[in-house]
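As structure tokens, the structure follows; a few thoughts come after it.
The values are calculated or read from the model by the stated rules, or taken from the named source; none is laboratory data. What you see is a predicted model; the values in this text were computed from it and never measured. Using ideal geometry, Cβ is built from the backbone for each residue, glycine included, and neighbour counts are taken over all protein chains shown.
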Amino acid sequence: MRAIFRVARATYYEGWRKRFLNGILVFAILIIGSSWVFTYLQPGAELKMLIDVGLGSIRFFGMLIAVFLGSRLVPDEIEKRTIYTLLSKPVTRMQFLLGKFFGGLATVVSNMALMGLTFYIVFMIKAPQFAQPTEDSPAYKMEFMYENIAKAVLLSFFEMAVVMGIAVVASVVFSWILAAIFSFFVYFTGQMSEFFGHLADPDTGASPVARVVLLTVYRVLPHFENFDVRESILTDVPVIWSYVGMTIGMGVLYITIVLALGYLFFNQREV
Amino acid sequence: MPAGVQSRRAARVREVADIALAIRTENLTKIYDVGWGRQHVGIEELNLEVETGQIFGLVGPNGSGKTTTLKLLLGLIFPTSGAGEVLGEPMGDPRSKNRVGYLPEGPYFYEHLNAPELLRMYGSLFGMGGAALDARIQELLELVDMWDRRDYRIADYSRGMLQRVGVAQSLINNPDLLFFDEPTSGLDPIGAKDIREVILRLRGEGKTVFLCSHLLKEMEPICDNIAILSRGRLVTEGSVAELLRGDRLRYRLELREPDEELLAKLQGNAEEVLWLEETCRLLFADRQAAFDAAAQAEDEGGYVLAAGPDRRTLEEVFIDAVGEVSVDASDL
């Protein structure tokens, strides 16, 4: 544990020193901070716009940071040769990989927490002006939304943990550029995993071979759309804790499998 | 058997057993797959034995396999065939890592740290902490002359400062075996001298130092044993004294432009006569013949430049072993 913590800590501080990530964070905070401006584009649906832009930005910029940071964590160590001094000490490859993952994840979560905080402040100031009158009291309605938004941000953290895991492991197998492209591809196709599941349905008339391929894609890809609860928030459907817990559980399971696979590759990799 | 003989034999057995090997490789081979079905031989059937407590130098031209050997011994890369042991454990075994220190070539560290923070991080990987670690950090930074500059961020370090801190980090766990890859590379003469002194001090403390370098002039005075690699193969190996002496010790007499008459008289007893610009070097099989020839040359008005054992330089040994083709003169 000590070795993982030490590697993670060094990775976390190194992560904050990466200027392109700082640039993404600053840009993201600017967009989220000014998300209320976008509400003028859709009169009558200001709250939807605010939530869409705010939460959407947190997810999008969080994903960018997770992919660009995750895909460079291990290659940078190899390129700069810092890995030599670490692996020549009592640090196993598993500890190194986990340290890089958790350190990178801590950086991503910190970045997203800042974005989340910015959005919360904007939401607290602007949302009460846009809230539609309902049978419930406005105070109850807003409290309900705050809770759902907190759950949405929490789910985003774990979604990015999955993205980060994929990026880190892909970078062990491919070059960092390929790893980044691969991670983007998985992320965007993972947003449509349910669609692949529907296509694999016997009623669609797909050939048996196509069905096997589609079903495999459906089962292998992470179901990223499950982490997106914006629709529920906008339609006042409560995001229940059991759903949050199950989605997080699936995410953790996926990360575990991905990291285990990554370890198998990394254990054979020459540095 | 008399008791005295028995005890002497037992003592001899103990003596042999005490010569523990810090490193041993057996037919160690590393072949790199460089794509499109092509392969590159990194190391081929390398057999090395490094005794504990000595400074062992692995020398060779660039690309001869020195760093590959180091990486194999540290478990950073894996052998194609063959095996090796480090401190009695298989190469790369986590158990041996607690007793090993490593300075890579051109070391690079996390830039956001300063030297004490870096050493604290590495020390903690060995389970060190508290006042003992703080004291060790100060001791090492003083040893490499970095204590006064301890607050600088690594991002602001010069190459020499990185090298010094690299040496310090390799010693943090007080290792029994040190691997130094080009330890004086990029250092000014004073820095290089400081590092050589550290290496000699480590040997004085009973540690084994495995040095990789192509800077022969720096290796010659500090190494006990040297192995020369060329194109992945071990071409020669032995103690520095053995290598410099060659197969047998001869004696040389050097004269400055001797006249033909004197040369004709002297070369009768010489085994070999070499001309090096204005200097004539005569090589004799024994010491007496060389000194007799020197006396004769003096008597007859010859200009004697030098007389004595014909020791080669490591550079000459290296060129003989490797062949001039693969030697980059600028590396020497």
What are the residues in the range B:64-112 that are buried (at least 20 other Cβ atoms within 10 Å of the Cβ), part of a strand (DSSP E or B) and more than 9 Å from chain A (Cβ to nearest Cβ), if any? B:Gly84, B:Val86
Is it true that some residue in the range A:18-31 is away from chain B (no Cβ under 14 Å), farther than 28 Å from B:Phe109 by Cβ and under 16 Å from the mean Cα position of the chain (by Cα)? yes
Right, A:Val74: among the hydrophobic types (A, V, I, L, M, F, W, C), surrounded by 23 or more Cβ atoms within 10 Å (Cβ to Cβ) and over 16 Å from the mean Cα position of the chain (by Cα) or not? yes
Residue under evaluation A:His198, criteria (1) in contact with a Lys or Arg (Cβ under 9 Å, 6 or more places away or on another chain); (2) loosely packed, with under 14 Cβ neighbours inside 10 Å, criterion not met: (1)
Of the listed residues (A:Phe38, A:Phe61), the one being among the aromatic types (Phe, Trp, Tyr), at negative phi and modelled with pLDDT under 95 is A:Phe38
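B:Ala290: touching a residue at least 12 places away in the same chain (Cβ under 8 Å) and more than 31 Å from the chain's Cα centre (by Cα), yes or no? Can you show your working first?
Details: touching a residue at least 12 places away in the same chain (Cβ under 8 Å): yes; more than 31 Å from the chain's Cα centre (by Cα): yes.
Yes: the conditions hold for B:Ala290.
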Unique match (being buried (at least 22 other Cβ atoms within 10 Å of the Cβ), closer than 19 Å to B:Leu125 by Cα, more than 14 Å from chain B (Cβ to nearest Cβ) and out of contact with any Lys or Arg (no Cβ under 8 Å at 6 or more places or on another chain)) among A:Leu97, A:Leu105: A:Leu97
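Per-residue answers, yes or no, for (1) within 18 Å of the chain's Cα centre (by Cα); (2) more than 14 Å from every other protein chain (Cβ to nearest Cβ); (3) under 29 Å from B:Glu89 (Cα atoms); (4) buried (at least 16 other Cβ atoms within 10 Å of the Cβ):
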site: B:Tyr152; (1), (2), (3), (4): no, yes, no, no
site: B:Gly160; (1), (2), (3), (4): no, yes, no, yes
site: B:Gln169; (1), (2), (3), (4): no, no, yes, yes
site: B:Leu178; (1), (2), (3), (4): yes, no, yes, yes
site: B:Asp181; (1), (2), (3), (4): yes, no, yes, yes
site: B:Asp188; (1), (2), (3), (4): no, yes, no, no
site: B:Val198; (1), (2), (3), (4): yes, yes, yes, yes
site: B:Leu211; (1), (2), (3), (4): yes, yes, yes, yes
Find all pairs meeting these conditions: Cβ atoms under 6 angstrom apart; at least six residues apart or on different chains; first residue within the range A:255-271 and within 14 Å of another protein chain (Cβ to nearest Cβ); second residue among the hydrophobic types (A, V, I, L, M, F, W, C). A:Phe265/A:Val172; A:Phe265/A:Val173; A:Phe266/A:Leu97; A:Phe266/A:Val172; A:Glu270/B:Ile77; A:Val271/A:Ile78; A:Val271/A:Ile83; A:Val271/B:Leu76
Select from the range B:113-144 the residues that are more than 30 Å from the chain's Cα centre (by Cα) and outside any helix (DSSP H, G or I) and list them in ascending order. B:Leu113, B:Asn114, B:Gly127, B:Met128, B:Gly129
Sole residue being among the acidic types (Asp, Glu), modelled with pLDDT under 90 and over 30 Å from B:Asp93 (Cβ atoms), chosen from A:Glu225, A:Glu194: A:Glu194
Among residues of the range B:121-137, those that are farther than 12 Å from B:Val165 by Cα and either more than 8 Å from every other protein chain (Cβ to nearest Cβ) or touching a Leu at 6+ places or on another chain (Cβ under 6 Å) (or both), counted: 10
